[in-house]
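Following: one structure in structure tokens, then a few remarks.
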Amino acid sequence: MKENKLDGEKRVITQSKKMRGVLVIVLALTGLLFVRLVYRIGGPDISANIIGVNSGDDRRNDLNEQNSAGEQAKKWLSAKIRARKVVATMRREEKEAGVAGVGWAKGPCVGNVAPLPGLKQGLCLQVSQPFFTFPSANIDNLAIFSLIKDAPMGVRLAPNVSAFPSALNAAASFDKRLMYKYGALLGAEFRALGVHVALGPMTNLIRVPAGGRNWEGPGADPFLASVQAAAMVRGIQSQGVIATVKHLIANEQEHYRFDYSSNLDKRTLMEVYFAPFEACVRAGVAAVMCSYNRLNQIYTCAHDELINGILKGPDINFQGFVMTDWGAHYSFVASDMVMAGEDASKSVDGLTAKDIPENRLDDMVTRILSAHYVLGQDEGFPNVQFNSWEQKEKNVYNFDYRFKQHASFIRELGAASTVLLKNSKKILPLSEGSSVAVIGEDARRPNILNEFDDRGGNDGTLAQGWGSGTSEFPYLISPLEAISSRAAVISSTDNYDLNSAKNAASSASFAIVFANSDSGEARLVEGHEGDRNDLKLWHKSDALITAVASANQNTIVVLHTVGAVDMPWINHPNISAVVLALLPGQESGAALASVLFGDVNPSARLPFTIHESRRNYAADVLYDSNQEIPQITYSEGLYFDYRHADKFNITPVFSFGHGLSYSTFTYSRLTVTRVHTNDEQSAVSVKLRVKNNDFALDGHEVVQVYVAFPEAADEPPKLLKGFERVWIRRGKAADVEIVVEAKDLRVWGVGGWTFVKGSYKFLVGASSTDIRLQKEFLWR
Ligand code: BGC
């Protein structure tokens, strides 16, 4: 039995001592097999150059939010005191230079801050080198971060780094420990290259399923997003790298990205879109990036109420610095660092750096310096190791790349985020050596690896979207390669040659047909301007899938997508299995094969809903507007994704939280109690027993807790408020406890946060529509 105890978030999984004893014996007897399972399913082989991750005690790494809150405050206070002392000795022009970038591509990083007078170098927001020294500060060798660099899938524009699975994959794992390690390994790569500031995590939500950058973020639910973003912040910052949570706020589409106004009521803002940012501040995030768009007609980067009132206000009390997205500087009133560096020509208040009142300028520099100190970057931070703008070699497969020790984690997360949507006739897992037709261009290697800048093209298997959220693949294991090493394979990888596809399909026992759907940031790819034009699979894949299904009764569909897609063929009687692997990064094929052949028992869950038709979603991209400032009104308010489906009784094709295993699990013995019975605002403890009914397969089950609020709260029918990915041996049961924090039961009312008393229902299940147990809980 694997004990998975994240005591900080108080989600504790326990199992009886007796069972533990039995399992210890089983483990001892199964020796080698166990080692194999741990390698493949349980624990990744983590890099030796990561601080603390492999120490065996993850609590060191601030997984424990509760205990670290006080410590956080202390650390920030002492960092601030140090920063203030330094700022007090600085000259005005030094301070002005320290808060502005120098322009796009004018330095080794994606972001570079001007060298201050007499300084060695300027700030780099992506690649790093100690370079920000303040001669007048009279402190030897004071160096602050210089390098600021994307991105959420790996270090962008740098050779020899890892291409991790997308953040959407991490969300699909529903595993806090994997989310944390994802952050920690990313952080380790940023650090090793000397990057002081990582431009992630991205935590905008999937409001519109066609939104181009959805895959860079944590899905469609604010609770899941909050858990993931906070875990990633702790992970990245455990490496001494500043994490930047972005993009604040309501930045959910690419069309009109620099101009639109997202219009939200305060309740929707606070309960839904701001929630992940709040969670990141609680987790100690040192930087926040404000977005390009406007919020209720005011640019977010100039939004006094948003940044000074809410983010830096007394309740949230963010102590780090706010940087503008590249080119999104509009005022010095709220943001503290101008990236990539501009004059004040776009200033909405007409102020230039020269006009910033001294105390405001001091606050800006203090915040930047405090972030630097709080992460301990003044000691032992590696020098910058690369230049983002040098020509990268294409089509070079380098399995011996610099961070190869991260590959097993990338494979593990890839497998843990592969969602088994459908598996009728128990067609999966396949046995070793089966006769398999592998069909579709998404199964093969790209013709040229890293051919398209920032992955702005779609050739071969899709393992990343496009834009600033990407990294260069050191190599890419295709599904065709991986499956070929385990089965008798015949392949056909031309999507437009349906005869060849059918011939291949009919000559094998199983036909696996691959398809994808891509999207990204800003640039135009095959007619898609960042956002997808529709939710269809690319390159005529629906016709390919139908053709294959017509030729083989055992058809398995594998999808690599940036989010939900239309599945017009879903009820075809020959399509027995559907696997959604999202964007698995460099180990794509290997991760997939481990699920298809059953080394890994799948457990991933959909972090968004899939509907039959585009019309069924709550909101869509605004593609056409003749307004000077396109208006995007979030009129659906709290009701999007499963909250919308619940309210309007729409049955999805696949629900939020859905994902199958090769095992089945039974839930029983639900109890719901207040943690501290004498405290009115106490957390609520949800306990149950989960049994793995399979006698051959160990596996993870993702247990989800949804809460139905009292009517007076006027909330959607149910809201996700807890989850745990639990490891349960074959034929065994585990007792699971999920604690729903009091803060997650708050409701935003007229006067701010409030608690609504009355009858709550705690709904426990395996997806948002597969509720297995429920209990009423009276909050008096
Ligand atoms: C993107 C950010 C990114 C920045 C630097 C902007 O266009 O919106 O997410 O971090 O560029 O590359």
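The values are calculated or read from the model by the stated rules, or taken from the named source; none is laboratory data. All of these numbers come straight from a predicted model, not from anything done at the bench. Glycine gets a Cβ as well: all are built from the backbone with ideal geometry, and neighbour counts include every protein chain shown. Only protein heavy atoms, including side chains, enter the accessible area calculation; ligands, DNA and RNA are left aside. Shrake-Rupley method; radii C 1.70, N 1.55, O 1.52, S 1.80 Å.
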In region 531-640, which GluC sites (Glu not before Pro) fall in coil by DSSP and have 10 or fewer other Cβ atoms within 10 Å? Glu628
Give me the distance between the Cα centres of region 456-523 and region 379-435, rounded to whole Å. 15 Å
Cα-projected label distance for Lys346 with Thr651, points at 7 Å along beta-carbon direction, nm: 4.8 nm
Heavy atoms of Val87 accessible to a 1.4 Å probe, total area in Å² rounded to 10: 10 Å²
Length-normalised contact order of region 508-595 in % [C-alpha pairs under 8 Å, at least 6 apart]: 30 percent
If you average the C-alpha positions of region 647-662 and of region 532-556 separately, how far apart do those two centres end up, in angstrom? 21 Å
Of the options Thr461, Ser550, Val438, report the single residue whose Cα projects farthest towards the positive end of the charge dipole of region 423-631 (beta-carbon charges: Lys, Arg +1; Asp, Glu -1). Ser550
Whole-angstrom gap from region 720-780 to region 241-280, using each part's C-alpha centre: 25 Å
For Glu526, Glu252, give the ranking by accessible area with the largest first, probe 1.4 Å. Glu526, Glu252
Candidate residues Val333, Val281, Val707: accessible-area rank, largest first, probe 1.4 Å: Val333, Val281, Val707
List the relative contact order of region 423-631 as a percent without decimals, with contacts defined as Cα pairs under 8 Å and 6+ residues apart. 25 percent
Share of accessible surface on carbon and sulfur in region 405-450, whole %, 1.4 Å probe and ligands ignored, is 52 percent
Taking a probe of 1.4 Å, how large is the accessible area per residue of region 254-390, in Å²? 32 Å²
If you stretched the chain out fully between Glu526 and Glu390, how much longer would it get, using 0.36 nm times the residue separation minus the C-alpha to C-alpha distance? 46.3 nm
Hey, what did region 665-779 get for relative contact order, percent, Cα under 8 Å, at least 6 apart? 28 percent
What part of the accessible area of region 256-402, given as a whole %, is carbon or sulfur when the probe is 1.4 angstrom? 48 percent
Can you give the three extents of the C-alpha atoms in region 423-631 along their principal axes, from longest to shortest, in whole Å? 60, 38, 35
Protection proxy ranking, peptides 212-220, 406-414, 722-730, average beta carbon neighbours within 10 Å, highest first: 212-220, 406-414, 722-730
When the dipole is taken about the Cα centre of region 423-631, and only Lys, Arg (+1) and Asp, Glu (-1) are charged at their Cβ, what size is it in debye, to the nearest 20? 960 debye
Per-residue counts of other Cβ atoms within 10 Å, averaged by peptide: what ranking do you get for 424-434, 532-542, highest first? 532-542, 424-434
For region 597-724, report the accessible area per residue in Å² (1.4 Å probe, heavy atoms, rounded to an integer). 40 Å²
What residue among Ser668, Ala696, Ala733 has its Cα farthest toward the positive end of the dipole of region 665-779, where the charges are +1 on Lys, Arg and -1 on Asp, Glu, each on the Cβ? Ala696
Can you order the peptides 159-170, 691-702 by their average number of other Cβ atoms within 10 Å per residue, highest first? 159-170, 691-702
Can you work out the PRE-style zone for Leu773? Point 7 Å along Cα to Cβ, and I want the residues of region 715-756 with backbone N under 11 Å. 734-738
Area of Lys354 that stays accessible when all protein chains are in place (1.4 Å probe, Å², to 10): 150 Å²
